[in-house]
Each structure stands twice: as C-alpha cells, then as structure tokens.
Amino acid sequence: MALISARCGNIALAEQEYLTGGSDMPISPAYILWYAVAVMVLLPLASIGDTLTLVFEADKNSGFAPVAGALPLSVKQRITARFITLFLTCGTGAFISLALSFILSLFTDIMTFGDFAGLVLSAASLILIFSALEMILIFLLKMKNTDYVRIISLLIMSAVFIVSILGRIIDAIRAVKPTELITDGLLFLENRWFILAAAAAVCLLVSYLVSAGIAERKRGEI
C-alpha cells in the first residue's frame, strides 16, 4: 500500500512538495520509503536465515549428541549435515525474500527487481559469513554458550566492516551527512553482491575444513 501511495497517493504528494521546496523534511520521502522497503524485504531472510546457533542449542538441550554419535554416519557426514541445514535455512529465507522482492518490484519505481535481488543476495552472503564464524567458534574454541557465539561473531564482522570503510565514515561525519553513508551502503549491497558472495564462499570453505578437522580430532563430539 505504501508503494502504491508513492505512485498516486499521499507519499507521491509529499515527494512533489519536497521537490518543489514546499516541505521542511530533511530527507526525500522517496528515500525514506526506499529504506523501509529494503528492511521489509530482508525481514524473512533475517528471521529464517540465522538459525544455526538455535539448532546447536536445541541439539544440546535435547541430548541429541549421544544419539548422533550412535548413528552409522561418519563425523564428516554429520558436519556436512550441519552445513546443509545452514544452506537450507538461509536458502529458504532468501527464496521468500526474492519472491517478495518480485511482487514489490511490480508496484514501485524506487527499486528494480535486480536491485531487490542484489540486496537479498548480499544479505544472504553476510548471514553465511556470520554462520561460518559461528561454526569456527563452536568447534575450534569449544564455545557452548550460543549467546556468546553470536556476540563475538557479530563483533568480528562489525570490526572488519568499520576498519574497511573507516575513511568513508570519517568523511561522512565531517560532512555531517550520515544518511549518505547509509545510502552508499545500500547501493553497494544492491550492485556489488558478488563480492560478498565470493567472501562467503571462502569463509564457508575454511569453516567447513576447520570444523571437520576439529570434530574428527574430538572423536565426533558435535
């Protein structure tokens, strides 16, 4: 309904007032709607994709580890099953977000389906990188508290992100234009998703090799 309003409703009128200087709004209504739509598209992916630590916690609380150890499966097969679960959950969230993106793209000129898809694929790649870090922390450092695993993984990703764009952040603060930093970030996610996808592939490969090696050394205690 908001997207329809942006074409022929109150949001369209507000945008016209903004462009003609008749509004005191510091940001274009179309930009505000752009941010809102971007968040809405990513909600299914964010809610479904990040379930890895919840799965680990559920296995621990239900006592599934001894059961898994009794199954006629190798340690590597059990580790592979973890990663398949990761891909299935993240893939399900991405599919729902892409379907939603296609529907929304029919009602707006703010973003094309390609822009929506780039945003979703970038977010999916970030979730896979986050999950790869979680795997390493759980297996390599033997961290059993899933809350700590989440926090440390998030801190690592945030630190890498801040360091990589530190110069851009300083420029935005000096220019007192923080919204431009957010806009540039969304544009990067829309158009440079393949960079994050490549990074996710590398992180997942390293995480798989490390997790499998550590699990085999622990005699299959997963």
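Computed quantities for the displayed model
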quantity	calculated
Close pairs (8 angstrom Cβ cut-off, 6 or more residues apart or separate chains): over 17 Å from SER164 (Cβ atoms) and at pLDDT below 75 in region 179-194, surrounded by fewer than 14 Cβ atoms within 10 Å (Cβ to Cβ) and not hydroxyl-bearing (Ser, Thr, Tyr) anywhere	THR179/ILE27
Some residue of region 127-149 being out of contact with any Lys or Arg (no Cβ under 8 Å at 6 or more places or on another chain), among the β-branched types (Val, Ile, Thr) and without any contact (Cβ under 8 Å) to a residue 24 or more places away in the chain	no
Test: THR89 is hydroxyl-bearing (Ser, Thr, Tyr), surrounded by 15 or more Cβ atoms within 10 Å (Cβ to Cβ) and within 15 Å of the chain's Cα centre (by Cα)	yes
Of all residues making up region 69-86, the number that are surrounded by 13 or more Cβ atoms within 10 Å (Cβ to Cβ) and more than 14 Å from GLU216 (Cα to Cα)	5
Helices (runs of 4 or more DSSP H) contained in region 7-123 and holding at least 1 residues under 24 Å from VAL149 (Cα atoms)	29-49, 52-62, 64-70, 75-105
Yes/no for LEU137 being at pLDDT below 85, in a loop (DSSP other than H, G, I, E, B) and of a type in the set (A, V, I, L, M)	no
Conditions (1) modelled with pLDDT under 80; (2) farther than 16 Å from LEU86 by Cβ; (3) more than 13 Å from the chain's Cα centre (by Cα); (4) surrounded by 13 or more Cβ atoms within 10 Å (Cβ to Cβ): number failed by ARG174	(4)
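The values are calculated or read from the model by the stated rules, or taken from the named source; none is laboratory data. Source: prediction; values computed, not measured. Reconstructed Cβ throughout: ideal geometry from the backbone, glycine too, with neighbour counts over all protein chains shown.
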